[in-house]
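The values are calculated or read from the model by the stated rules, or taken from the named source; none is laboratory data. These figures come from a predicted structure and were not determined experimentally. Cβ placement follows ideal geometry from the backbone for every residue including glycine, while neighbour counts extend to all protein chains displayed.
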Amino acid sequence: MKKNSQRFPFETGSKKTLGSAALSGYHIHLVQTGKIDVAYVAQLCRLKLNQEEIDRFNTQLGDILKLVEQLQKIDVSGVPDVPPDFAISGNVLRKDEDRESFPVELALQNAPSKSNDLFIVPKIVE
Amino acid sequence: MSLAQETLSSLRKKLSAREIAPEEIVRDLLQRMEKTEPKIKGYLRWDAEDALRQAKEADISKPLGGVPIAIKDNINTRGDGCTCSSKILEGYVAPYDATVITKLREAGAILLGRTNLDEFAMGSSTENSAITTTRNPWDTERIPGGSSGGSAAVVAARSAIAALGSDTGGSIRQPAALCGIVGLKPTYGRVSRYGLIAFASSLDQIGPMTRTVEDAALILQTIAGPDPRENTSKNLPVPDYLSLMRQPLKGLRVGVPKEYFVSGMDREIEKAVRIAVDWYAKNGAEVIEVSLPNAEAAIAVYYIIATAEASANLARFDGVRYGRRAKDVSDAIDLHARTRAEGFGPEVKRRIILGTYVLSSGYYDAYYNRAQKVRRLMRQDFTEAFKKCDVLLTPTSPTPAFKVGEKTQDPVEMYLADIFTTSANLTEVCAISIPCGFSTAGLPIGLQLMGPHFEEEKLLRAAWNYEQAHEWHKQEPKL
């Protein structure tokens, strides 16, 4: 699946924000050991973990990977290399018609920080 | 007898005959909740005043008119919280109704109580709830199953008439089995998920949790059908389940997949399910041995696909639009990373990490892509099996309810609780769990029936006929 590599965050411009520690993690990550580099993956999915969590997850996720390794034994040659196009789960499309949208006030009612009908976030651009 | 002990269908008959009023049911339930909830903790919250107001306004001429139904706290109900039993959704107020809630309201049902779940429906015991652990009404030292453990426990404890749950890998059926009630996971596409907070979008379904098969059919009749807001809900007519379920068993072919009776499974469960198989054979059904060769891979496929989808679905919890937000952050990345670290519990973090990993470059083919291929093979297995039989019969859970804390240290052990249920989600078929006995320790045992896509009536027919000849569903836990 060549297409998937485009989804990799380093190729979509987030290199700078993650810093060089993450970049070195990238190389370690590519080694096919079947062991998750938890500290690295946690950065990808925006989870700040402490060392105790990293150690615990490393062990636990190692066990889970052993469980899922059994898939390597199943012969999938000849099965098409695309996500399943199940007839059942296929999308049902509706007509593209005008309809009332969600009122701004309601959409913002749960925002932890808002102003002038906008969500407020920390400054992103330097 | 308290009205709280009655079934949905018997209450509907009494309401229609004007023998009782909806307020009486609500009052009896509130009284029952006061007694059972300190021990069970199945509800996260309820609003007595609001329920009594709904009862006063209820139109009893409607199909579910005047009957209270409890809702799992991952289904949005306008103006109420929807915590998913997570700290990250503390303070969140739902701005709209899920489609199933709209349909329940239109059918005259009273919404009473929000039930506990494993955080974001990830778990098999409710121990992953960040709010409380629900107890099994049959033995309060034990878990009720999960993730819809709150819904299952309150229905079993007679502190709810019926409830809605959601099922991604067994989250309706496994707790139903462990609490001795009926739990139905409809076919993928049968019930709209609009307003259900997504866990794994190619697997999630909403379904009824009830004390009888007839009650499950009644609720399914109401919540099933296409929804223009949900593009996986299929535009198919909804059959008349209540009449179709009453068809005799004669001619029904019951397939027993040999891979589901594995060595090492609980002996009492195997025995109870084998006795049920014999009952079907003696009562007009044709019992056939079938094979689902890739059944063994279900858990592995499930934990790759479900976590991959969860890692994407839960990206929306970033401290910007709703829910919790970390304080004193240095920048936007820090805001996301710390909000999520503070808001999510350990199981949710584990699954997000695993899901991110199996989708990442270099690992995608080995895990995610391979899992999708095996999923396709599993689906072929089911298609082949359903050429030979109308329903498949298996155990629902490999063990009866386990003790609180017994499996919390070992995620893999906990994941194996779903060994018999994940296949139905992965192959998108419908499945139901019904009570089929008790262990010597007095814990409920459930059997699972799985049926072809959009043929819930076959499940209901097989389940209803069995229920008519047995008394398991009439047993009440002593509380």
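The residue that is farthest from the chain's Cα centre (by Cα), among those in region A:45-76 that are among the basic types (K, R) and more than 7 Å from every other protein chain (Cβ to nearest Cβ), is A:K73.
From the list B:A371, B:A341, B:A366, the one residue that fits, being over 28 Å from B:D318 (Cα atoms), surrounded by fewer than 22 Cβ atoms within 10 Å (Cβ to Cβ) and aliphatic (A, V, I, L, M), is B:A366. Is it the case that B:S147 is touching a residue at least 12 places away in the same chain (Cβ under 8 Å), crowded, with 24+ Cβ neighbours inside 10 Å, under 21 Å from B:L218 (Cβ atoms) and not acidic (D, E)? No, not satisfied. Among the residues of region B:132-142, not a single one is modelled with pLDDT of 95 or more, under 13 Å from the mean Cα position of the chain (by Cα) and not in a strand (DSSP E or B).
Here is the figure for region B:2-57: residues that are among the aliphatic types (A, V, I, L, M), within 19 Å of B:E214 (Cβ to Cβ) and more than 25 Å from the chain's Cα centre (by Cα) total 3. Take B:S129 and decide whether it is at pLDDT 95 or above and over 24 Å from B:R211 (Cα atoms). So B:S129 fits the description; yes. When the residues of region B:348-363 are narrowed to those that are more than 12 Å from B:A310 (Cα to Cα) and surrounded by fewer than 23 Cβ atoms within 10 Å (Cβ to Cβ), which ends up farthest from the other protein chains (Cβ to nearest Cβ)? So the residue we want is B:Y363. No other residue among B:G81, B:G91 is under 30 Å from B:A326 (Cα atoms), modelled with pLDDT under 95 and surrounded by fewer than 24 Cβ atoms within 10 Å (Cβ to Cβ) apart from B:G91. Checked against (1) buried (at least 17 other Cβ atoms within 10 Å of the Cβ); (2) assigned to a loop (DSSP other than H, G, I, E, B), B:I269 meets all criteria but (2).
I'd like the residue in region B:324-342 that is facing another protein chain (nearest Cβ under 7 Å) and in a loop (DSSP other than H, G, I, E, B) and, out of all such residues, is farthest from B:E90 (Cα to Cα). So the residue we want is B:D331. Number of residues in region B:300-321 that are at the interface with chain A (Cβ under 7 Å from one of its Cβ atoms), assigned to a loop (DSSP other than H, G, I, E, B) and crowded, with 24+ Cβ neighbours inside 10 Å equals 1. Of everything listed in (1) over 23 Å from B:Y280 (Cα atoms); (2) surrounded by fewer than 21 Cβ atoms within 10 Å (Cβ to Cβ), the single unmet condition for B:S439 is (1).
Restricting the search to helices (runs of 4 or more DSSP H) fully inside region B:399-479 and requiring at least 1 residues that are closer than 21 Å to B:S202 by Cα and out of contact with any strand residue (DSSP E or B) (no Cβ under 9 Å at 6 or more places or on another chain) gives B:411-415, B:422-427.
Listed here are the residues, each with its yes/no results for (1) more than 21 Å from B:A281 (Cβ to Cβ); (2) charged (D, E, K, R).
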{"site": "B:F438", "(1), (2)": "yes, no"}
{"site": "B:A441", "(1), (2)": "yes, no"}
{"site": "B:L447", "(1), (2)": "no, no"}
{"site": "B:F454", "(1), (2)": "yes, no"}
{"site": "B:E457", "(1), (2)": "yes, yes"}
{"site": "B:R461", "(1), (2)": "no, yes"}
{"site": "B:Q468", "(1), (2)": "no, no"}
{"site": "B:H473", "(1), (2)": "yes, no"}
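So in region B:108-129, with the set limited to residues that are under 16 Å from the mean Cα position of the chain (by Cα) and part of a strand (DSSP E or B), which one is surrounded by the fewest Cβ atoms within 10 Å (Cβ to Cβ)? Here the residue is B:R114.
Does at least one position in region B:275-288 carry a residue that is farther than 28 Å from B:M450 by Cα, crowded, with 18+ Cβ neighbours inside 10 Å and either within 7 Å of chain A (Cβ to nearest Cβ) or of a type outside the set (D, E, K, R) (or both)? Checking region B:275-288: not a single residue is farther than 28 Å from B:M450 by Cα, crowded, with 18+ Cβ neighbours inside 10 Å and either within 7 Å of chain A (Cβ to nearest Cβ) or of a type outside the set (D, E, K, R) (or both).
Out of B:T168, B:T212, one residue alone is of a type outside the set (G, A, S) and surrounded by fewer than 24 Cβ atoms within 10 Å (Cβ to Cβ). It is B:T212. Within region B:405-436, the set of residues being more than 20 Å from the chain's Cα centre (by Cα) and more than 11 Å from chain A (Cβ to nearest Cβ) comprises B:G405, B:E406, B:K407, B:T408.
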